[in-house]
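Presented below is the structure to which this report refers.
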Amino acid sequence: MGKAIQDLRDEHASIHHVLSLMDRMLMDYTSQPTVKLRYYNELTTFYKVFADACHHGKEERYLFRYLHSLNDAKIETILEELKGEHTQARLWVSQMDDALFVEDLNEFARCARQYRDLLILHIEKEDRFFALIDGMMEDEVQRVIFSEFELHEEDVIGYGVHEELHKMIDQWGEIFNRK
């Protein structure tokens, strides 16, 4: 597997892990609402920064741009579908944010579950698609795209933010894997 595609698949694993942790957070009936609000705000931050700005940004700006250059009608159809799902994911996160703003934990949970369901199917679809296109991409193309990914992370989310987000995930794991 090429470096760029592997990077995206590794991020898929992280997002999938957070979706699982979110399920545990939503099922936590022992924490006070203020505690839940804190964790839910952290979740939406993760989704906006890591899943959208970083991950979806890398896909849309670099990988999809390269794939568009291949002028393949089947690939174009898949890319449009994936981009539409990215847009829908952004809408669910926005609605999660809106629910948190008015401290409506039930609405947050409803939107979070819709987001989770969308992302689980989306990640499965992308992983299948990435397995197909990986063999079409030369190693040099993968290296160039991966270099663009690294610059994107620094430009869009900032140096060291990726690592801080992973620390936050680890903390959630410690707390919510015990409950």
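Kindly establish whether Arg38 is open to solvent by 70 Å² or more (accessible area, probe 1.4 Å), assigned to a helix (DSSP H, G or I) and closer than 23 Å to Asp155 by Cα.
On the way: open to solvent by 70 Å² or more (accessible area, probe 1.4 Å): yes; assigned to a helix (DSSP H, G or I): yes; closer than 23 Å to Asp155 by Cα: no.
Criteria not met by Arg38.
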Restricting attention to region 57-77, does a residue exist that is free of Cβ contacts under 8 Å to residues at least 40 places away in the same chain and within 30 Å of Ile175 (Cβ to Cβ)? no
Exactly one of these conditions fails for Glu138: (1) without any contact (Cβ under 8 Å) to a residue 12 or more places away in the chain; (2) over 17 Å from Tyr62 (Cα atoms); (3) of a type outside the set (Val, Ile, Thr). Give me its number. (2)
I'm checking my understanding of the structure. Among residues of region 159-170 that are part of a helix (DSSP H, G or I) and touching a helix residue (DSSP H, G or I) at 6+ places or on another chain (Cβ under 9 Å), which one is nearest to Ala4 (Cα to Cα)? His162
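I'm trying to understand the selection: among the residues of region 134-170, which are of a type in the set (D, E, K, R) and either in contact with a Lys or Arg (Cβ under 7 Å, 6 or more places away or on another chain) or open to solvent by less than 20 Å² (accessible area, probe 1.4 Å) (or both)?
Arg143
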Condition first: within 22 Å of Glu11 (Cβ to Cβ) and open to solvent by 40 Å² or more (accessible area, probe 1.4 Å). Now tell me which residues in region 102-115 satisfy that. Arg113, Gln114
For region 82-96, name all the residues that are closer than 17 Å to Ala131 by Cα and open to solvent by 40 Å² or more (accessible area, probe 1.4 Å). none
Can you spot a residue in region 136-158 that is part of a loop (DSSP other than H, G, I, E, B), out of contact with any Leu (no Cβ under 7 Å at 6 or more places or on another chain) and hydroxyl-bearing (Ser, Thr, Tyr)? no
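The values are calculated or read from the model by the stated rules, or taken from the named source; none is laboratory data. Predicted model, so just to flag it, every value in this text is computed and none were measured. When we count neighbours, we look across all protein chains shown, and the Cβ atoms used for this are built from the backbone with ideal geometry, even at glycine. Calculation scope for accessible area: heavy atoms of the full protein, side chains included, ligands and nucleic acids excluded. Shrake-Rupley method; radii C 1.70, N 1.55, O 1.52, S 1.80 Å.
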